[in-house]
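> Starting off with a structure, shown below.
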Amino acid sequence: MSLIRMSSPHVTRSNTSSGVMQLVILAMIPGILALTLFFGWGTLIQVAICLASGLAFEALALKMRGLPISRYLGDYSATVTALLLAVSIPPSAPLWIGIVGMFVAILFAKQVYGGIGNNPFNPAMVAYALLLVSFPVQMTSWNLPYVLSGSEGWSIPAISESLSLIFAGSSQMMDAYTGATPLDILRNRDGFTTEEMWRSNQTLIEGAAAYHALSAAWFMGGIYLIYKKVFTWHTPVSILVTLGFVSAIAYGVDPSNFVDPFNHLTLGATMLAAFFIATDPVSSATSNRGRIVFGMGIGLLIFIIRTWGNYPDAVAFSVLLMNLAAPMIDHYTQPRSYGHKRARLGPKGE
Amino acid sequence: MSSVALAILVLAILALIFGVILGFAAVRFKVEGDPIVDQIDALLPQTQCGQCGHPGCRPYAEGIAAGEAINKCPPGGQTTIDQLAELLNVDSIPLDSEHGVEDVRKIAYIREDECIGCTKCIQACPVDAILGAAKQMHTVIVDECTGCDLCVEPCPVDCIDMLPVATTTLNWKWPEPPQTNNLIATDRQPRFEENPS
Amino acid sequence: MKVFSFHGGIHPPENKKQSTRASVRTMPIPKSLVIPTQQHLGLAADPVVSVGDKVLKGQIIAEPVGRISASLHAPTSGTVTAIEAQPVPHASGLTAECIVIESDGLDQWIEHQAIDYKGIERSALVNQIRQMGIAGMGGAGFPTDVKLNLGSDHIVTTLIINAAECEPYITADDMLMREHASEILEGIKIIQHLLEPTHTLIGIEDNKPNAIRALNEALAETDIDVDLVVVPTKYPSGGERQLIQLLTGVEVPSGKIPADIGIVVQNVGTAQALHRAINHGEPLIQRIVTVTGEAVEHPGNFWTLIGTPFSELLSAADLKPGAMHRLVMGGPMMGVAAETDSIPVIKTTNCLIAATDSEMPEAPAAQPCIRCGMCEQACPAQLLPQQLYWFAKGKEFEKAKNHNLFDCIECGACAYVCPSSIPLVQFYRFTKSEIRAEELEQRKADHARERFEARQARLEREAIEKAERRKARAAEAAKAQAERKKQSSSETAQDDTAALKTAAAVARTKLKKAEIALKNAQDKGLDGVETLQATVDKLKQAATEAEQALQNSSTTEAVQSTPTKSEPKEAKPDLKALKQQVSIMRTKLKKAEAAEEKDESEIEALKSRLEEASKAHTDADNALIELAQSAGIDLKQLRIDVAMAKVAITKIERAISKSDDETEQEALKTDLESAKSHFAQLESQLKPYE
Ligand code: SF4
Ligand code: SF4
Ligand code: SF4
Ligand code: SF4
């Protein structure tokens, strides 16, 4: 009889890291579909580019490190990173943007630190921030939601058109498609008040609804993940509440110069950040209290950077900055262990 | 002119005040650290075997404090060397095999029916771990024996065995779980087998 | 009754239904029973039977040693066939000392009777519990008498009876409550009598409605002040500290025991065993064991004698051949996997799970920790399991300790939820045992240092004393010299004799040394044997001369001062020398045999020499024995007695060093004194003949 001897416990919940990641991928589908619907086939093409290059880079890194490729690719973490980057870059960005992005995300932001579980920053956001700083033109060229583009109604340009845009990447062609995002418009008002902008700007009048719908799609996916216990409510809720609260105060004080809370939450990438980026377990705080602090930090930073910063959206920088603070947050939010009077804090043994 | 004098005066007074504060602090918060020899001695295994070339651990601790190499103690092995390196803030080095090699912990057993009661082992034992009187058989107190080997040589009838400490349910240790993932610098070895199942 | 809650916890599949369908069956008496002498922390019990002894059911077979130890009893009548190392229920899979009893099938009880516990002294009652071998039947098997005999510094306010049985699969307590609720209550009464708590709570999970009903019915029938508290089902609510938190809302401070905050927790099984022991006089020799898992056809609960091998239990539950892949003693969360089914049931064995491969599949290879924090959400001790895991993996033991590793109850909740399938609990166990070993090592080292230093000091002192004595002697000698000058010449002669004696002794020693050197040289076939031989010859001559001179002078003096030496005194040096010679010879022979290049003849020669020497030794010894006999003393017996006395002293000394109880040490010390004096007396008797 060959009985095995091992340490308890002898049963485990049938959840796995890869299972968690698969759920995340599933939950991203509505958002990706919404993006495709409003911004054209470009999103799907970017997804394909990022996936292919991301997995290739991951496999390369694993091979160099002498790790079993199939097992580590099977954890789907590279897939999630690729999807996150794909939905963050403009749908019409040229081919190399996605490839360079994945190169940075997988090799520099992740594998150099020791692979899954060891990266201090969210890889997709590192890549996004680097691309944004290095290639501001390509990275800010969002086309207008297609609900606007034709007066005859809904029409997405043919897939061939998107393909040629991305692979051939002529800038004139691009110009024809691009416009500022709603948040951009609301910030660079040229002396007008926000209300005036809402009344005058075509993008805002007709495009806002598309952005709202997109946010709703991300929100749905996020709720599904909380329901599935992939992550707890702490981070997203604290981001949303903090951002809403701070922007509400600002809006209440000076409605003509500040964006209202609802649009803060729904016009940009707030929902994507709250549910899919900030909840990345590896680079966020670990305890529930820590996650609340972490989320509050992100919410506050999003508001500050959006209002006074220079970049169209603030999500990437906010998340990265808070990633930086995560170890410290963890240190100061340690739970009080059973049977101890106080949480174990301070330099004892550190 | 008077302003210069005033400045000098103020500075002098300040210097005096801070000097007093510093002096007071130095006395008040003086750290009563263990002398370094004691700290080193506390790390050595206290087997007192003399393999390091000193008549006991304390002399070797004194030797280390005076600059001797830290890798001469086989009973302590790499663990002790690492601890010493950390204490003294020097690089860890492998054990100097000239002084012996790391071995499992052993304990002396006297085959009592062969013991002739010569007391030679008693004289050799650095920790008085052997019981017995002249012409009586001798016994090792297992809990006291450090396994230093010093009693084996003097025995005229070779009745002392150094036996490894047996693993029982009382001193058994949980094995370390297999390490599955590793950090960058060291992980190029193909240490991974795909899970067959 | 307010129920509090504790942090974390998990809800693993319960799998309890399978084993509660049938009522508790009674196992037939197995042919042979194996009773490990150590069934809990503390010291192993000391066997008081020997191989070949007939024992009756309930007869004590091993007595407790020290405070934390429980006695053992024969589970049935039969013969002790062995006291030997056998596999025991332990995570290490090692063997340990066991008493093996071959049953005679008669199951004949030893005489036993109930005790009126209200009518006897507390200490007598506690002692009775100790004699009955009652130990905790839920967890670590801690001897119950210790828990019930708290010093006067502990005032117990709350007695908690643990009926939570939170681990999946296990239903032993559940079935016990369903079928013997009133016996449990009787046991609780005994505990209440001893501890006098202000209130008593029974904590039970809400997944045992039948047991709750049975308890309520029994409660209605008896007059007992107990509150039954139903707690929600959540693992590990049955953990001692978690149950305390659930029922009282207080936490046991880290490093303390519940008794420090006035709480004592006892298991239902223990309460029932107490009732059997006190009200019926039956020691703890059986318990209910759940046998379950997909690999058995008919899972259920069994009244099982302590010492029954697992294999018997498994076949009683109809083990499907070939289906068992893992055998777990205890529950799936904290149980221990067994490597063989020949391991016996002990007092703490509450469950056996014969699991199939699909039921408890081998854990997948661990993936890296993704810091998801799920473990932290689940940890009932509110630790940071992922942090502890990093420290354990990096062998940063100090940090792990500072992160309260030792507050981990090894419940396994963290490993259960970990999506990366990291064997977290094993990491903690590994780290804990490393830290414990390190601490032990450190204590040992400190102890060795102390002893070394003490010895060093002693040697120094002795050296000084010696030097002083020498000085004093020299001074005396000088004085004597001066005096002697005035004395008569006859005394000068005496002086000469002394000088001659020394000269002869010196010559003899020199000769011996030279001879040894020569022998060595010959043995090893070294060069220079001839010169050595010459030296020895010369020395021999010198020695003989010296001896001669001494002889001469002493014969002249004989009239004056020859003391009449008694025979035994003369025999003494001879015997010793002979014995040594025999031993040395034996060693040499062995060495020679080991070193194979020695030729046969030499070995033969050595052998014959050894024989001669041993013969001489035996002859001398026999002479001595005869001599002693003439004096009316059995020398052999005397020698054995002396040896026994010495062993007794060592044993007591060891016991002293092991025990940490003051009063016990005192008692042992007086024992030691008397043993020593006995030894001295025997030795003085033996003295003249050695
Ligand atoms: S070699 Fe022996 S004597 Fe020297 S320090 Fe090590 S244990 Fe002590
Ligand atoms: S008994 Fe022998 S091995 Fe043990 S400490 Fe004494 S001399 Fe060393
Ligand atoms: S549950 Fe596992 S993967 Fe998640 S933080 Fe804990 S140890 Fe890491
Ligand atoms: S095994 Fe230890 S660390 Fe893990 S959940 Fe239980 S108490 Fe917490």
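The values are calculated or read from the model by the stated rules, or taken from the named source; none is laboratory data. These numbers come from a predicted model, not from an experiment. Here the Cβ positions follow ideal geometry from the backbone for every residue, glycine too, while neighbour counts run over all protein chains shown. These accessible areas exclude ligands, DNA and RNA; they are computed on the full protein's heavy atoms, side chains included. Shrake-Rupley method; radii C 1.70, N 1.55, O 1.52, S 1.80 Å.
> Helix A:17-39 versus the longest principal axis of chain A: what angle, 0 to 90°, nearest 10, using Cα atoms?
Compared with the principal axis, the helix lies near 0 degrees.
> Just B:THR168, B:THR80, B:THR119 to compare: in a GNM of chain B, with alpha carbon springs under 10 Å, which one fluctuates most?
B:THR168
> Taking Cβ-Cβ under 4.7 Å as the only way to count a partner, pick out the unpartnered cysteines of chain B.
B:CYS52, B:CYS57, B:CYS73, B:CYS115, B:CYS118, B:CYS125, B:CYS145, B:CYS155, B:CYS159
> Spin-label point model (7 Å from Cα, Cβ direction): what's the C:ARG443 to C:ASP223 distance in nm?
4.9
> Rounded to the nearest 100 Å², what is the buried accessible area between A and C, both sides summed, probe 1.4 Å? Let's see the in-between values first.
Working: alone 17200 and 37540 Å², together 50000 Å².
The buried area between A and C, both sides summed, comes to about 4700 Å².
> Please compare each pair in C:LYS512/C:LYS676; C:LYS189/C:LYS256; C:LYS118/C:LYS208; C:LYS2/C:LYS256; B:LYS120/C:LYS651 to a cut-off of 31 Å on the Cα-Cα distance and tell me which ones are over it.
Values: C:LYS512/C:LYS676 37 Å; C:LYS189/C:LYS256 26 Å; C:LYS118/C:LYS208 33 Å; C:LYS2/C:LYS256 25 Å; B:LYS120/C:LYS651 23 Å.
As for pairs spanning more than 31 Å Cα to Cα, those are C:LYS512/C:LYS676; C:LYS118/C:LYS208.
> I would also like to ask the following. Excluding same-chain pairs closer than 8 in sequence, count the lysine pairs in segment C:341-437 whose Cα atoms lie under 24 Å apart. Don't skip to the answer; put the middle values down first.
Values: C:LYS393/C:LYS401; C:LYS393/C:LYS432; C:LYS395/C:LYS432; C:LYS399/C:LYS432; C:LYS401/C:LYS432.
Lysine pairs meeting the criterion: 5.
> Would you mind counting up the charge near C:ASN127? Only other residues with Cβ under 10 Å from its Cβ, with Lys and Arg at +1 and Asp and Glu at -1. Kindly include the intermediate steps, with their values, before the conclusion.
Numbers: positive: C:ARG122, C:ARG130; negative: C:GLU121, C:ASP145.
Once positives and negatives cancel, what remains is 0.
> On the protein heavy atoms, probe 1.4 angstrom, tell me the percent of accessible surface of segment A:16-178 carried by carbon and sulfur. Walk me through the intermediate numbers first.
Details: 4370 of 5980 Å².
Within segment A:16-178, the accessible surface is 73 percent carbon and sulfur.
> How far apart, in nanometres, would the label points at C:ALA454 and B:SER3 be if each is projected 7 angstrom from Cα along the Cα-to-Cβ direction?
7.7
> May I ask you to work out the translational diffusion coefficient for chain A at 25 °C, viscosity 0.890 mPa s, via Stokes-Einstein with Rh from the Kirkwood sum over Cα pairs, reported in whole µm²/s? Show your work: numbers first, answer last.
On the way: Rh = 21.4 Å.
The estimated diffusion coefficient comes to 115 µm²/s.
> Evaluated at 4 °C with a viscosity of 1.567 mPa s, what Stokes-Einstein diffusion coefficient in µm²/s does segment C:34-85 have when Rh comes from the Kirkwood expression over alpha-carbon pairs?
Details: Rh = 11.1 Å.
Translational diffusion coefficient: 116 µm²/s.
> Also: Determine Rg/Rh for segment A:211-331; Rg is computed over alpha-carbon atoms and Rh is the Kirkwood hydrodynamic estimate from the same atoms.
When Rh is taken as the Kirkwood radius, the ratio is 0.96.
> Shifting gears a bit: With chain A treated as a Gaussian network of Cα nodes joined by springs under 10 Å, which of A:VAL133, A:VAL80, A:VAL104 yields the largest mean-square fluctuation?
Top of the fluctuation ranking is A:VAL133.
> Roughly how tilted is helix B:2-28, in degrees to the nearest 10 and between 0 and 90, from the longest Cα axis of chain B?
20
> Hey, what number do you get for chain A at 222 nm if only DSSP H runs of n ≥ 4 count, each worth -39500 (n - 2.57), divided across all residues, to the nearest 500?
Numbers: 17 runs with 207 residues, N = 350.
After summing the helix terms and dividing by residue count, I get -18500 deg cm²/dmol.
> Follow-up question, since we're still on this one. What is the Cα convex hull volume of chain B when expressed per residue in Å³?
So the per-residue hull volume is 285 Å³.
> Can you classify segment A:16-178 as rounded, prolate or oblate using the Cα gyration tensor, where a ≥ b ≥ c are the square roots of its eigenvalues, rounded means a/c under 1.5, and otherwise it's prolate if a/b beats b/c and oblate if not?
Numbers: a/c = 2.44, a/b = 1.79, b/c = 1.37.
Note, shape of segment A:16-178 comes out prolate.
> So, counting K/R as plus one and D/E as minus one, what does the shell of residues with Cβ under 12 Å around C:ASN267 add up to?
The answer is 0.
> Given R₀ = 51 Å, what would the calculated FRET efficiency be for C:ARG436 paired with A:ALA213, taking r from the Cβ atoms and rounding to 0.05? The partial results should precede the final answer.
Values: r = 61 Å, r/R0 = 1.19.
Plugging the Cβ-Cβ distance into 1/(1 + (r/R0)^6) gives 0.25.
> Could you compute the net charge surrounding A:TYR311? Neighbours are other residues with a C-beta less than 12 Å from the C-beta of A:TYR311; K and R count +1, D and E count -1. Write down the numbers at each step before the final one.
Numbers: positive: A:ARG187, A:ARG306; negative: A:ASP184, A:ASP313.
Charge balance in the 12 Å sphere: 0.
> Cut-off 15 Å, label point 7 angstrom out along Cα-to-Cβ of C:ASP671: give me the residues of segment C:37-61 whose amide nitrogen falls inside.
In segment C:37-61, the label zone of C:ASP671 (backbone N under 15 Å from the point 7 Å along Cα→Cβ) covers C:43-48.
> Quote to one decimal, in nm, the extra length available between C:ALA463 and C:TRP303 on full extension: 0.36 nm per residue of separation minus the C-alpha distance between them.
Numbers: separation 160, 0.36 × 160 = 57.60 nm, distance 6.90 nm.
Residue separation times 0.36 nm, minus the Cα-Cα distance, leaves 50.7 nm.
> Determine how large the accessible area of A:PHE167 is when every protein chain is in place; take a 1.4 Å probe and give Å² rounded to the nearest 10.
For A:PHE167, solvent-accessible area is about 110 Å².
> Order C:ILE160, B:ILE21 by their accessible area, 1.4 angstrom probe, all chains in place, largest first. Don't skip to the end; give the middle numbers.
Values: C:ILE160 0, B:ILE21 90 Å².
Accessible-area ranking of C:ILE160, B:ILE21, largest first: B:ILE21, C:ILE160.
> For C:GLU339 and C:ARG67, what does the FRET efficiency come to when R0 = 30 Å and r is the distance between their Cβ atoms, rounded to the nearest 0.05? Present the calculation step by step, with values, prior to reporting the outcome.
Values: r = 33 Å, r/R0 = 1.08.
Calculated value: 0.40.
> Separate question: Ignoring ligands and nucleic acids, what accessible area does C:THR26 show with a 1.4 Å probe (Å², nearest 10)?
Only protein atoms counted, so the area is about 100 Å².
> Could I ask something else about it? Determine how large the accessible area of B:SER92 is when every protein chain is in place; take a 1.4 Å probe and give Å² rounded to the nearest 10.
60
> Dividing the alpha-carbon Rg of segment C:243-344 by 2.2 N^0.38 Å yields what? Show your work: numbers first, answer last.
Details: Rg = 17.8 Å, N = 102, 2.2 N^0.38 = 12.8 Å.
Normalised Rg, Cα atoms only: 1.40.
> In a Gaussian network model over chain B where Cα atoms closer than 10 Å are linked, find which of B:PRO45, B:PRO59, B:PRO175 has the largest mean-square fluctuation.
Looking only at B:PRO45, B:PRO59, B:PRO175, the biggest GNM fluctuation is shown by B:PRO175.
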